[in-house]
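S.K.: Sharing a structure here in structure tokens format.
The values are calculated or read from the model by the stated rules, or taken from the named source; none is laboratory data. These figures come from a predicted structure and were not determined experimentally. Cβ: placed from backbone, ideal geometry, glycine included. Neighbour counts: every protein chain shown. To get the accessible areas, we keep the full protein, side chains included, count just its heavy atoms, and leave off ligands, DNA and RNA. Shrake-Rupley method; radii C 1.70, N 1.55, O 1.52, S 1.80 Å.
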Amino acid sequence: MEAEQLLRKYASGTRRFIGVNLNEVDLSRASLIQINLRNASLSVTNLSGANLSHSNLRGANLNVSKLAGARLAHANLYGANLNVANLVRGEFERSDLRHASLVRAEAIRANFREANLSEANFSSAVLKEAELSHTTAIAINLSEANLDRAHAVGANFAQATFRRANLRAANLSGASLHEADLRRVCLSGAKLVEADLRGANLRWANLSGANLAGADLSGAKLSGANLTGANLTGTNLVDTSLVYADLSHARLIAADWRGADLSGAILTGAKLHGVLRSGLLADSVTCDWVDLSPGGDGSQVRQLTPEEVEVFFNAVLPSVQLSIDMAIDLGTQIGLLTVYYHLAQAIEKFSRSPSILVDARRTTLVFELEDDMWLFAIAYLASIPFAEAAAIHDQLDRLLEMLCTKEREQIGALQLRHIQRLRTAFHQTRDLVGREPPVGPESCGVEIEPDFLAAPAHLTLTNSDNQILDVYRSVHFGKRSIRDGASKTSETVTAPRSALPQPPAVFDFVKIAATSHDVRRS
């Protein structure tokens, strides 16, 4: 059919042109709104600037056609062939391109906003600066496609294939790339803020300088990936594979990488404030220094020797362990947790419930922390319900006072600041508790076995370097034969002072494992 004949019939009201042959016809700038060209043949047809909004092109053959500047908003292109077609600046907003084939199509600055591209084939297509925001593109094939500076905010690319695609400086913030194949993809300088990359395959991908703040990369595969200078602030990296990944100078502040595999990774210059260093696989990590400053400004740099690297990236969670020389029953356990719950209402850092380990004769409460700084403060709070609390608090006070002795002269500025923060956290916590009404079983409306609260106690602290400090041990702790022969009482226990650890042991425990020459100011 010739162009004039089609336009004449269309003008007379005909819209149905199913299966028509319009190969190499010139329909540029034609207005063909709502036309039905289902299964039509439009190879090498010129539709530049044409208005095909709301048209039906399902199954149509548009290979090598010219659709530059064409309007196909809300068009049905399901299963259509647009291979090597010119779609530059084409309007495909809210169109249906499911199962369509656009191999090597040129779609520079084309608008696919809110379109459905699921299972379409865009391999080797050029989509530079294309608008793909909020598109649905599940299982789309974009292998070796060029999406340089494309805008795809909030798009759904779940299970999509991007192998070797170019997404340099693309904006994929809030996009879903769940289980997408992104092997060897270039995402240098891309924005992936709060993107969903769970289970995605990013092996050998280039993410240098990319912004992944708040993104979810849990379970993702990033082996061999280039993440130099990437922003991973607050990113979820739980159980992520980062084997041989390059994280040099990456910003990982407050990132969660529990269970991550960092074997062979490079982390020199990484910003790691607020990052746990426990529960990692971190063999053969390369790291000359890290930045531990809260703002990542280089004000707290820690140098690492090859021997120190393994220890640094295989830390344990700091914890407070309070052992009570009596097994706890279920009712007492509920009552004790209720008391701790009321304390947590006033002390935010006390919000994590303890692990409770019970054997035939002893109960151990384990409070895991994220920061060594709160060890003394949490120990103070953990002991409050017990009869020996006053003796424990006195011991904690004495230990902190020890940190003000002449031995301070032998440590560097970084350690002194850490000690000051320890003391400040402890004193602020103690003062806050002092301003609150007393918290105990009676004030919380619970009943706790009096003999359990009066039983001998043993308090130890474990820091993130897995060093243990024996803070307090009742003289009666572990002496079951003596206690069993004594009469039980619910009266307050006045315990003798426990021996203090030697000053070198205390300083070694609280210090940050660095020396004064490790501190560098920007």
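S.K.: If you wrap a convex hull around the C-alpha atoms of the chain and split its volume per residue, what is the figure in Å³?
M.R.: Value for the chain: 177 Å³ per residue.
S.K.: In terms of modelled amide H atoms, which long-range or inter-chain residues lie less than 5 Å from the amide H of S176?
M.R.: Amide H neighbours of S176: A155, N156, F157, D196.
S.K.: Mind listing the long-range amide H neighbours of N21? Cut-off is under 5 Å, sequence gap 5 or more, other chains count too, H placed in the peptide plane at 1.01 Å from N.
M.R.: Under 5 Å from the amide H of N21: S41.
S.K.: Now for a separate question. Mind giving me the nanometre distance, one decimal, between the label points for T14 and Q345, set 7 Å out from Cα along Cα→Cβ?
M.R.: The two pseudo-label positions are separated by 8.1 nm.
S.K.: Further question: Efficiency by 1/(1 + (r/R0)^6): what FRET value for L432 and L500, r their Cβ-Cβ distance, R0 = 25 Å, to the nearest 0.05?
M.R.: About 0.45, to the nearest 0.05.
S.K.: May I pose another question? Around G49, under 13 Å between beta carbons, what's the net of Lys plus Arg minus Asp minus Glu among the other residues?
M.R.: Here the count lands on +2.
S.K.: Per 0.36 nm of contour for each residue apart, how much would the distance between D329 and D288 grow if the chain were fully extended, relative to their Cα-Cα spacing?
M.R.: Here the segment from D329 to D288 would lengthen by 9.7 nm.
S.K.: Determine, from the Cβ-Cβ distance of V44 and R417 and an R0 of 51 Å, the FRET efficiency 1/(1 + (r/R0)^6), rounded to the nearest 0.05.
M.R.: Result of the calculation: an efficiency of 0.10.
S.K.: Continuing with this model, one more query. Which far-off residues, 5 or more places away or on another chain, put their amide H under 5 Å from the one on N146, with H placed in the peptide plane?
M.R.: When sequence neighbours closer than 5 places are left aside, the close amide H contacts are A125, V126, L127, N166.
S.K.: On the protein heavy atoms, probe 1.4 angstrom, tell me the percent of accessible surface of the chain carried by carbon and sulfur.
M.R.: 47
S.K.: Further, regarding this structure: Testing the spin-label approximation: label points 7 Å from Cα along Cα→Cβ at V311 and V475. State their distance in nm.
M.R.: 3.7
S.K.: Using each residue's phi in segment 7-15, evaluate 6.51 cos²θ - 1.76 cosθ + 1.60 at θ = phi - 60° and report the 3J(HN,Hα) Karplus result to the nearest Hz, with x for Gly and Pro.
M.R.: 5, 5, 5, 4, 5, 7, x, 6, 10
S.K.: Follow-up. If r is the Cβ-Cβ distance from I468 to E129 and R0 is 60 Å, what FRET efficiency results, to the nearest 0.05?
M.R.: With R0 = 60 Å, the Cβ-Cβ based efficiency is 0.55.
S.K.: Might you tell me the accessible area per residue for the chain, computed with a 1.4 Å probe and given in Å²?
M.R.: Value returned for the chain: 44 Å² of accessible area per residue.
S.K.: Convert each backbone phi in segment 68-73 into a coupling constant with the Karplus relation 6.51 cos²θ - 1.76 cosθ + 1.60 (shift: θ = phi - 60°), then list the ³J(HN,Hα) values in order as whole Hz, x for Gly and Pro.
M.R.: 4, x, 6, 10, 10, 4
S.K.: With no solvent and one point on each alpha carbon, what is the Debye value of log10 I(q)/I(0) for segment 240-329 at q = 0.21 Å⁻¹?
M.R.: Calculated log10 I(q)/I(0) at the listed q: -0.98.
S.K.: Peptides 465-474, 56-65: what's the order by average Cβ count within 10 Å, highest mean first?
M.R.: In decreasing order of mean packing, 465-474, 56-65 become 56-65, 465-474.
S.K.: Which value in Å does the Kirkwood hydrodynamic radius of segment 139-184 take, with 1/r averaged over all unlike C-alpha pairs and then inverted?
M.R.: Kirkwood hydrodynamic radius for segment 139-184: 10.3 Å.
S.K.: Using the Karplus curve 6.51 cos²θ - 1.76 cosθ + 1.60 with θ = phi - 60°, work out ³J(HN,Hα) for each residue of segment 286-296 in order, rounded to whole Hz, and write x for Gly and Pro.
M.R.: Using θ = phi - 60°, the values come out as 9, 7, 7, 6, 10, 9, 9, 6, x, x, x Hz.
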